[in-house]
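Only one structure is covered here, and it is reproduced in the block below.
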Amino acid sequence: MSEFLTIGEPMVVLASQDINQELADVSHFNRFLAGAELNVATGVRRLGHSTSFVSAIGNDPFGQYILDSIRLSGIDTTHIKINSKLWTGFYLKQRVSHGDPQTYYFRKNSAAANYDKENLAHVDLTDTRITHISGIFAALSPQSLAATKELIAKVENENCVITFDPNLRPSLWQSENTMIATTNELAKHGTVVMPGIHEGQMLMGSDDPVDIANFYLNQSSITQTVVVKLGPDGAFVKERNRPAYTVAGFHVNSVIDTVGAGDGFAVGIISALLEGKEIKEAVKRACAIGALAVESRGDNDGYPTRKELKRFYEKNNRQVGEKI
Ligand code: KDG
């Protein structure tokens, strides 16, 4: 099996071609690959790491496009089930001149939302060093939550690190209370937990990075590192029993689309940890990939290859000469 594995809902995004149009008025869309956990898998694979993606798709054109694209990228598709009775999820995304775009999901009762945890019995985690869990898959349905918990239990039997991104999507949860309780419960299994400041506000009532980090470190002895995403300002890092510090964000010339930046951030952390880098280095890479992500239209199209990452560092006069 692969050194990195994640479970999630693969999606197609239809992104508006015209700028600042209401979704209801858009006639022309471009199609891209999407889905938070698939974004992470795509980015980690693009940096050269063996990657497995666990999920389900429908037997439909969007599912076929997803499967073809994932195969082409070199991600292991052994554990992607094809369910001919259900659809592949997709969503619409606005193109905006500033801020976050409006989005609209078509994913209820999708093939991925009905992923059966029994399928995980065939997933071999022996060689897997990092498993990424995001709050989105857990939010989809009772089945996807059960599968998330089953995967966590399997991982905890192996010598494997869990990276956890709350990825709050209130519209997917039954209620705000369920979202908060379930997300914080899942976070207890994360070795590295990566909330944003606004997520901190929703999940534990403060947008102060120090309070957010302390909350996640105090609620579970499994959690060793909390990285609080500060958007363009970079990230606040607290490792257990070590002094906290902030890693500055990189300058972005023009923000084209913010969707996928958080997943790009996770790609930076995960790929660097797989290469044995220190957390500080991993967070720098996370900030770099987050910055690259917002400069392109698709959700994961801006994530770099190794060469592109090197060029980005050189251009930005940071980590020049660093062996990446
Ligand atoms: O983080 C990027 C995701 O928002 C996008 O790819 C679609 O998975 C998605 C979601 O649930 O929003």
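FRET efficiency for Thr258 and Asp124, Cβ-Cβ distance as r, R0 = 35 Å, nearest 0.05?
Computed FRET efficiency for Thr258 and Asp124 comes out at 0.45.
Could you give the length gained by full extension between Leu67 and Gln102, i.e. 0.36 nm per residue of separation minus their alpha carbon distance, to one decimal place?
10.0 nm
Filter the GluC sites (Glu not before Pro) in the stretch 93-164 down to the DSSP loop ones having no more than 16 other Cβ atoms within 10 Å, then list what survives.
Listed in order of number, the matching sites are Glu158.
Treating only the Cβ of Lys, Arg, Asp and Glu as charged (+1, +1, -1, -1), what charge dipole size does the stretch 1-110 show about its Cα centre? Round to the nearest 20 debye.
The calculated dipole for the stretch 1-110 is roughly 200 debye.
With every protein chain present, what is the per residue accessible area of the chain (1.4 Å probe, Å²)?
Each residue of the chain exposes 43 Å² on average to a 1.4 Å probe.
How much length would be gained if the chain were fully extended between Ser220 and Asn316, taking 0.36 nm per residue of separation minus their Cα-Cα distance, in nm to one decimal?
30.9 nm
With a cut-off of 8 Å between alpha carbons and a minimum separation of six or more residues, what is the relative contact order of the chain in percent?
16 percent.
Under a crude label model (7 Å from the Cα following the beta-carbon direction), how far is Ile82 from Ala146 in nanometres?
Between Ile82 and Ala146, the simple spin-label model gives 2.6 nm.
Once R0 is set to 25 Å, what does the formula 1/(1 + (r/R0)^6) return for the Cβ-Cβ distance between Lys188 and Asn157, expressed as a FRET efficiency to the nearest 0.05?
FRET efficiency, Lys188 to Asn157: 0.90.
Rounded to the nearest 0.05, what FRET efficiency do Ala248 and Gln174 have when you use their Cβ-Cβ distance and R0 = 56 Å?
E between Ala248 and Gln174, to the nearest 0.05, is 0.90.
Quick check on packing: order 261-272, 92-103 by the mean number of other C-beta atoms within 10 Å, highest mean leading.
Answer by packing, highest mean first, reads 261-272, 92-103.
Which of the peptides 9-20, 120-131 is most tightly packed, and how do the rest follow, judged by the mean count of other Cβ atoms within 10 Å per residue?
9-20, 120-131
At a 10 angstrom cut-off on C-beta neighbours, averaged per residue, how do the peptides 192-199, 218-225 rank from highest to lowest?
With the highest mean Cβ count within 10 Å placed first, the list reads 192-199, 218-225.
List residues of the stretch 251-267, by number, whose backbone nitrogen lies under 18 Å from a label position 7 Å along Cα→C-beta of Leu23.
Output list for this probe position: 257-261.
Which entries of Lys108/Lys149; Lys188/Lys238; Lys188/Lys307; Lys238/Lys315; Lys280/Lys315; Lys93/Lys315 have Cα-Cα distances beyond 26 Å here?
Pairs exceeding the cut-off: Lys188/Lys307; Lys238/Lys315; Lys93/Lys315.
Over the chain, what percent of the accessible surface lies on carbon and sulfur atoms, probe 1.4 Å?
Its accessible area is 49 percent carbon and sulfur atoms.
In whole Å, how far is the Cα centre of the stretch 27-63 from that of the stretch 91-137?
Cα centroid to Cα centroid, the span is 9 Å.
Could you calculate the contour length gain from Arg31 to Lys280, that is, 0.36 nm times the residue separation minus the distance between their Cα atoms, to one decimal place in nm?
Length difference between fully extended and current span is 86.1 nm.
The values are calculated or read from the model by the stated rules, or taken from the named source; none is laboratory data. Bear in mind that the values here come from a model prediction, so they are computed numbers and not experimental data. Glycine also receives a Cβ, built like all others from the backbone with ideal geometry; neighbour counts cover every protein chain displayed. In case anyone asks, the SASA skips ligands and DNA or RNA and just uses the protein heavy atoms, side chains included. Shrake-Rupley method; radii C 1.70, N 1.55, O 1.52, S 1.80 Å.
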